[in-house]
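So the structure is just underneath, and the comments pick up after that.
Where a number appears in this text, it was derived from the coordinates with a stated rule and is not lab data. Nothing here was measured: the structure is a model prediction, and the numbers come from that model. Neighbour counts run over all protein chains shown; Cβ positions are idealised from the backbone, glycine included.
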């Protein structure tokens, strides 16, 4: 059990380092273990990475759920975006290193995260705080991709993150009707 924890801590640390090599050998060296020990502890590199990434994502997903119960949907979304950008800035190398891997727990957590953001968007639409002419799934992708792009701009300043959130949220507000009032001249 100790070897498993050491390998998991090493993988998590390497995931936070942009450009770090994510090989079993690199993880084993960081953990002070042999490569065979790491493989035995997890059954393979993908299982180890899945556990490491899931450990990083679980609190993010839980935070999104908590915000949904603690705040109005628009405020939950605004707060979550601030925190998501900070998380993505700290861990932006994750996506680059995990492409084409079989990571079932991570995939499930990502789906849970998307669902939580969609719930924020649907709630904000229902409250009249977000426009209804954009599909919630499309809005979720727009938010996620834009937040990811902001997080990858290094270094991420709080000023940039705040400006992004302000512009995005302003753009998502319901638009005034451009049609002339009925019955008018």
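Taking Cα atoms, how many degrees apart are the long axis of helix 158-172 and the longest axis of the chain, rounded to 10 and kept between 0 and 90? That works out to roughly 50 degrees.
Quote the relative contact order of segment 1-48 in percent (integer), defining contacts as alpha-carbon pairs under 8 Å separated by 6+ residues.
Working: 47 pairs, mean separation 19.5, N = 48.
So the answer I get is 41 percent.
Matching the structure-derived Rg/Rh (Cα atoms, Kirkwood Rh) against the labelled list (i) 0.97; (ii) 1.07; (iii) 1.11 gives the label (iii).
How would you rank 159, 58, going from fewest to most other Cβ atoms within 10 Å of each one's own Cβ? Don't skip to the answer; put the middle values down first.
Values: 159 8, 58 13.
Starting with the residue having the fewest Cβ neighbours, the order is 159, 58.
Comparing mean-square fluctuations of 173, 65, 131 from a GNM of the chain with C-alpha springs under 10 Å, the top value falls on 173.
Helices in the chain, meaning DSSP H runs of at least 4 residues, each add -39500 (n - 2.57). Divided by all residues, the mean residue ellipticity at 222 nm is -24000 deg cm²/dmol. Normalised by the number of residues in the chain, the mean separation of alpha-carbon contacts (under 8 Å, six or more apart) gives a relative contact order of 22 percent. Taking all Cα-Cα distances within segment 1-78, those exceeding 14 Å account for 62%.
The alpha carbon convex hull volume per residue for segment 1-43 rounds to 52 Å³.
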